[in-house]
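K.L.:
Dropping the structure in here first, questions after.
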Amino acid sequence: FPSHDTRLWFFNNAFMGGWQRLNSGRNIHLESYLAELESRRTTSNGVFGVKAHWSQLYTLANQAKVPLSTLARATVGKCTKFIQINRRDKLAQAISLLIANKVKVYHSDQLSLRNAVNVATFDAAEISVNITRLFMDEANWSNYIKERGVDVMEVIYEDLVADHVGTCRRVFDFLGLRDVEIPAPPTTKLETPETAEFRRLYLKHLGA
């Protein structure tokens with residue numbers, strides 16, 4: 001998804017619902033939806049990209065009652081280069097997902113919207129499900145990209161956090177973009193008091 005805008009939630013249900021409301025509630029036809037987005041969000045250097053989670057494509061395919069392969073063609077089928085972001089520490093990612101799902105805050109821009117009623121509670125079973133899902137999503141993307149035979153660059157989340165500028169430069173080189181200004185990250189890493197404690201409890205649950 002070649003773009004320097006990291007906040008392209010085009011396949012998020014809430015985003016798509018908002019688009020429907022702004023467009024008199026008309027149903028979304030993915031090809032025309034993406035064509036309109038491309039016409040509005042292509043940058044001055046002619047690049048358009050989307051951010052997509054495999055789970056979003058899976059959900060959209062179920063809602064549309066179409067095969068996942070059909071949905072993938074309609075959404076990311078035109079993409080010629082993929083940047084696959086993976087995280088080494090799947091346990092940390094699974095715990096972050098658990099907390100985000102509990103408190104309904106998925107990025108730092110939403111912190112002001114956090115409702116005190118939504119409290120994150122430890123759930124070993126849900127963390128295990130999240131870990132499985134993360135490995136499966138990573139494998140599904142890898143298989144899809146391999147089957148498409150398109151160019152791919154893997155970005156490791158921990159490396160991006162440690163060296164934002166250097167990682168972005170490598171991404172732009174991969175995309176064939178030169179002299180691109182690299183802004184500061186638009187969001188900050190979410191870290192809650194529960195994170196370390198949930199990790200300790202989960203490892204204890206495993207007997208580690």
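The values are calculated or read from the model by the stated rules, or taken from the named source; none is laboratory data. The shown structure was predicted, so the numbers you read here are calculated from the model rather than taken from an experiment. So basically every Cβ, Gly included, is an ideal-geometry build from the backbone, and we count neighbours across all protein chains shown. For accessibility, only protein heavy atoms count, side chains too; no ligands or nucleic acids. Shrake-Rupley method; radii C 1.70, N 1.55, O 1.52, S 1.80 Å.
K.L.:
Just to be sure I understand, how many residues within region 170-197 are in contact (Cβ under 8 Å) with a residue 60 or more places away in the chain, within 20 Å of Gln84 (Cα to Cα), open to solvent by 40 Å² or more (accessible area, probe 1.4 Å) and assigned to a helix (DSSP H, G or I)?
P.N.:
So the answer is 1.
K.L.:
Now a separate question. Determine which single condition Thr167 fails, assuming it passes every other condition in (1) open to solvent by less than 40 Å² (accessible area, probe 1.4 Å); (2) of a type outside the set (Phe, Trp, Tyr); (3) touching a residue at least 24 places away in the same chain (Cβ under 8 Å); (4) part of a helix (DSSP H, G or I).
P.N.:
(3)
K.L.:
If you don't mind, another one. Quick one: which helices (runs of 4 or more DSSP H) sit completely within region 23-108 and have at least 3 residues that are open to solvent by 40 Å² or more (accessible area, probe 1.4 Å) and in contact with a helix residue (DSSP H, G or I) (Cβ under 9 Å, 6 or more places away or on another chain)?
P.N.:
Details: elements: 30-41, 54-64, 68-75, 90-103.
In region 23-108, the matching helices (runs of 4 or more DSSP H) lie at 54-64, 68-75, 90-103.
K.L.:
Any idea which of (1) under 24 Å from Val50 (Cβ atoms); (2) part of a loop (DSSP other than H, G, I, E, B) is the one Ala120 doesn't satisfy?
P.N.:
Here Ala120 meets the rest and fails (1).
K.L.:
Against the definition (at pLDDT 95 or above, of a type outside the set (Phe, Trp, Tyr), over 17 Å from the mean Cα position of the chain (by Cα) and farther than 30 Å from His205 by Cα), how does Lys146 come out, yes or no? Show your work before the answer.
P.N.:
On the way: at pLDDT 95 or above: yes; of a type outside the set (Phe, Trp, Tyr): yes; over 17 Å from the mean Cα position of the chain (by Cα): yes; farther than 30 Å from His205 by Cα: yes.
Criteria met by Lys146.
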